[in-house]
């Protein structure tokens, strides 16, 4: 397995190094991305020379135990965090060297976010929350698209409600609608179903999957939950700041299987990580 | 636990800075106001001890109703002065008193304030800021506390002694010659002496006149001759020094016994008079302290919720720490104490700083006053009581502010504390209802107050008898104050309920101009209604006071301008800047000025009373030209025909006077006047006596000279002969006027009331034409107060004005004004009040900014994740700043708007109440009030800067992932 993953990483690396022109389907790429915290004495490497490319019109799930660097990868990709070295390119724009103004513009036009919790502005109604990114960016509102998004998410009867009047699943669906409304190049979702019961999770994930297949949306999702990952077209598994697996259309069982073996490896490596992996598995 | 609290306090120090400043400001105002009052009181006591320093005073026994001064201060309901005045006593009592055993000296000290003007060395009139120029008749022994430092006391009209401060201010010294402007005109005077007192005279310019000169000036001004209010008595028991209390009492008793029956006089101790004076002056100065205190209270109010906010933030952020403490076994009381210890520390530091600041403020005021020419020697150091009060207030406010957050920290169950809790707000409706009730009650008070004021002295203000009876007892001032208090408190109580609607209304514009940020800001306001309302309240109270004063000031200006615009027909007016009297020479100089068509003269008749016997009423009486109403001032007639009445020699009575005396048109009134005439017989006798005296002296000297010559001392004889010749020369040169003896005749004339007018300037006056006036008084008891000058048709008024100014220049104090200047001369006074007003405004703004900054800081700290989310979905830094700026501005505008509305309403009510005192027109200074609102927006924008910086300092990632 280890050899297999190393090979696929090498292949990926080759593709990226070919330059933007040769990968027309890549929306976002990380090139030799390293992120380290702390000073020389207590250096923690969260991302260790990661190379990865996210394909347009695909839903990618990033998995891995706590501390594997999956959230850091996503934050760096989304411009929320600055890498120690390496580059992040979204739609041909180098995110890693952007200043605040450029980042704001990037967030307005290219990137959508869905967080685990606290996705909505409490003072705004559901409709206002959905339209928020467009209004902030002073972009015109496509009413036809809005109606479609609202109908697909089933939020029509809830549009005038405030977040405090919505259930957790409804809140996440509003967050999804908001992210899709602006039709960004890529949506980064950080544990979008982390706080939801299984029925709500299915609704949200189903909606995300539909948006990928029907409207060609690109989604990158960080998750602990193998069932959530099974909705993805591609699953990346991170451990210790490196990509260890890159699975294409894996089934739920395949993913569980990966984690079972990962768990074995972890148990050999150290008890702490094993506990984490176990916890993640139990969560699912 | 206490150690944890102290350690926390050190860690939170930067957070506490704003709280400490707020507490320090509040405490400094409290301490400063006490300190300032004590300084003023101390100064008053010192000055009284020095200036009213006799051991015993003899004064009248019957308390006098304030009729004489009522004419000038109507409507003030006695609130302007609590000093009682008594009947005048006869000057001849001095002789009786002087004979009493133990009396070193008895006499009448004539002193006059604001009547004289001293011309400084540089040729300009000496102006003293706020403090009067006083002329006092002084000779050896008349003023124990004054020491002659150089030269001697003045002996005649052309000599003066100057108080050291006056000498310094005027740049004059012994031997210098300058001019002194008497009411009758400027005269050359020589400075013959300089005297000083131990106590500073608060900037007063004191001129020592010869006693006889002072007497003349005083008599001329008051129209009272041969009588005085007080006879001052110095006792000899202590070898010339001030007597102690027992000695004073004993001497007073003896003097009282010596006073003849029927003299209507009694003797009181000096201490008692000083107490009365001091109380009255302190009452008059008393308004300053509450004014400062109001702003102290505002600062402390803001301070207490800044503290509450700060501790809420700290507690919120330390919740996990407290939960940990609780879970390892700390009791709620112990957790409470860790928070309260921090509050105590903060209160101590803030109060300490405040006490120092308050002391510094008073010092600064004293310094400023000294620079402005009003040196104070009163103590300006806070006493232990002031410090304790400041400390107690500071600590109390801090503890009150910190109590709720500390309770929250202590009582939150450990598990709940681990999670982020959002406390739902209590509903604001009950407060809204209570607030509305109070505001309605306050408005009812005001309506009642307006009804009372409208009804005046006649008629009933309301259809309800008990309320009418109340009105008679309490007047209009009391409901005015109660109404204001109710409305201010009511609005504060009500304001949380106002936040949501106000946010919608006020937020309409920003929500449309900035669709997203405006809407977010508007809704954020309503999240913590109480907090928003408290923040706005700080500004509300300050702005309410300021805009109320602004309305009153502006109405005063407009009323004066209204008089000029509608009433005054003449081109120029001339008045004296000092005594009020325009010298006759000045009148003729103005008459002779080229381009002047006519001069109308207003002459005041001194000592005129109406009616007979005990019921005799005093009123300011003026002699006017018959053409007054056609050429100078248009009358606002209440009854009768004013113009015809004046022309036909009837009385034209001001409405207030008519109401006070129950006069109606057609009534016949007895007018009692006074004429001072030369007593030919007495004058002849005085001159004969003087001649005899001089002759006797020369004869004596000549005899001595002859004796010396006979004895062979030729030099001595020569000297004596010279002396004799000089005495004869002196006698020939003596001012004959000093030998003129006058006598007062009383006149009684019955006159018909011809008209009643209600121009505010004439409201408390009685007018008659010159012919009638000549029958009542004579030129010795009538003085020109004001001139109305009309320019010749077609003459250039600017040129005429220049000529007039030149014509009156030698008289120093005559002020010629054209119509606009006449308007603005009143406005300048009002403008000076406005300066104080703007200082207060600035103060309340500074305090309010603190409040807004703090509230927003707390709000930002609570909304860290929300702001992070906004940033993550593409909100730019500018938009976040804009959102906070709009929030802050809305808070500021809400407070300002409430303040402006309440202030304007209060101003309008005050205007109605004082309508009869000349506030005839309501003028709302919309431009100023508009400026307040613009300022409020700016204040908001500025106040939003620090919290915005703090909000943006948090990286988006930290903000969104903060859990």
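If R0 is 51 Å, what FRET efficiency do you get for residue B:512 and residue B:591 from their C-beta distance, rounded to 0.05?
The value I calculate is 0.15.
Please list log₁₀ I(q)/I(0) at q = 0.07 Å⁻¹ for the protein assembly as shown, using the Debye equation with identical point scatterers on the alpha-carbon positions.
-0.86
Would you mind giving the average projected area, over all directions, of the Cα convex hull of the stretch B:775-910 in nm² with one decimal?
Taking a quarter of the hull surface, the average projection is 18.0 nm².
Over the stretch A:144-215, what is the relative contact order in percent, taking alpha-carbon pairs closer than 8 angstrom and at least six residues apart?
Dividing the mean separation by the residue count of the stretch A:144-215 yields 34 percent.
Hey, rough spin-label estimate for residue B:926 and residue B:256, points 7 angstrom out along Cα→Cβ, what's it come to in nanometres?
The modelled label-to-label distance comes out at 6.5 nm.
Can you give me the C-alpha center-to-center distance between the stretch A:64-117 and the stretch B:527-556, rounded to a whole angstrom?
Each part reduced to its Cα centre gives a spacing of 48 Å.
How fast does chain B diffuse by Stokes-Einstein, in µm²/s, taking the Kirkwood radius from C-alpha pairs at 20 °C and 1.002 mPa s?
Values: Rh = 33.3 Å.
In µm²/s, the coefficient rounds to 64.
Can you compute the FRET efficiency between residue A:40 and residue A:240 using 1/(1 + (r/R0)^6), with r the Cβ-Cβ distance and R0 = 22 Å? Round to the nearest 0.05.
0.70
Measuring from label point to label point, each 7 Å out along Cα→Cβ, what is the residue B:238 to residue B:779 span in nm?
Those two pseudo-labels are separated by 5.0 nm.
Based on C-alpha coordinates, I'd like the Rg and Dmax of the stretch B:166-210, in Å.
Looking at the stretch B:166-210, its Cα Rg and Dmax stand at 11.3, 33 Å.
Please list the equivalent ellipsoid semi-axes of the stretch A:53-115, computed as the square roots of five times the alpha-carbon gyration tensor eigenvalues, in descending order and whole angstrom.
Values for the stretch A:53-115, descending: 19, 15, 11 Å.
Determine one quarter of the surface area of the Cα convex hull of the stretch B:276-401, which equals its mean projected area, and express it in nm² to one decimal.
Here the figure is 10.2 nm², rounded to one decimal.
So what is log10(I(q)/I(0)) for the stretch A:107-174 at q = 0.16, 0.17, 0.23, 0.29 1/Å, when the Debye sum runs over its Cα atoms only?
Log10 I(q)/I(0), no solvent term: -0.53, -0.60, -1.12, -1.49.
Modelling each spin label as a point 7 Å along the Cα-to-Cβ direction, I'd like the residue B:828/residue B:285 distance in nm, to one decimal.
2.7
Compute and list, largest first, the equivalent-ellipsoid semi-axes of the stretch B:882-933 from the alpha carbon gyration tensor, each √(5λ) rounded to a whole angstrom. Working shown, then result.
Numbers: eigenvalues 197, 21, 4 Å².
For the stretch B:882-933, the ellipsoid semi-axes come out as 31, 10, 4 Å.
As a test, work out the antiparallel percent of DSSP beta bridges whose residues both lie in the stretch B:88-263, rounded to the nearest 5.
Roughly 70 percent of the beta bridges in the stretch B:88-263 run antiparallel, per DSSP.
Over the stretch B:88-263, what is the relative contact order in percent, taking alpha-carbon pairs closer than 8 angstrom and at least six residues apart?
33
In the protein assembly as shown, what percentage of the DSSP-assigned beta bridges are antiparallel, given to the nearest 5?
Numbers: 98 of 133 bridges.
Bridges in the protein assembly as shown that DSSP calls antiparallel: roughly 75 percent.
So what's the gap between the Cα centers of the stretch B:226-262 and the stretch B:345-368, to the nearest angstrom?
46
I'd like the FRET efficiency for residue B:504 and residue B:820, computed as 1/(1 + (r/R0)^6) with the beta carbon distance as r and R0 of 45 Å, rounded to 0.05.
Numbers: r = 46 Å, r/R0 = 1.03.
For residue B:504 and residue B:820, the calculated efficiency is 0.45.
Which whole-percent values make up P(r) of the stretch B:654-751 when all C-alpha to C-alpha distances are grouped in 5 Å steps starting at zero?
3, 11, 12, 11, 8, 8, 7, 6, 6, 5, 5, 4, 4, 3, 3, 2, 1, 0
If one computes the Cα centroid of the stretch B:1-32 and of the stretch B:759-835, what distance in Å separates the two points?
So the separation of the two Cα centres works out to 59 Å.
At q = 0.22, 0.25 Å⁻¹, work out log10 I(q)/I(0) for the stretch A:98-144 with the Debye formula, treating every Cα as an identical point scatterer and leaving solvent out; two decimals please.
Rounded to two decimals, the profile gives -0.92, -1.07.
Under the rule of -39500 (n - 2.57) per DSSP H run of 4 or more residues, summed and divided by the residues of the protein assembly as shown, what mean residue ellipticity at 222 nm is obtained, to the nearest 500 deg cm²/dmol?
After summing the helix terms and dividing by the residues of the protein assembly as shown, the value is -18500 deg cm²/dmol.
How high is the relative contact order of chain B, in percent, with contacts defined as C-alpha pairs under 8 Å that are six or more residues apart?
Worked out over chain B, it gives 16 percent.
Give or take rounding to whole Å, what are the principal axis extents of the alpha carbon atoms in the stretch B:478-627, in descending order?
Rounded to whole Å, the extents work out to 75, 50, 26 Å.
For the stretch B:88-263, compute Rg over Rh where Rg is the Cα radius of gyration and Rh is the Kirkwood radius from the inverse mean 1/r over Cα pairs.
The Rg/Rh ratio comes out at 1.01.
Express as a percent, rounded to the nearest 5, the fraction of DSSP beta bridges in chain B (both residues included) that run antiparallel. The partial results should precede the final answer.
On the way: 77 of 96 bridges.
DSSP beta bridges in chain B are roughly 80 percent antiparallel.
None of the figures in this text is laboratory data; all of them are computed from the coordinates on show. For clarity, every value in this text was computed on a predicted model and none was experimentally measured. Cβ: placed from backbone, ideal geometry, glycine included. Neighbour counts: every protein chain shown.
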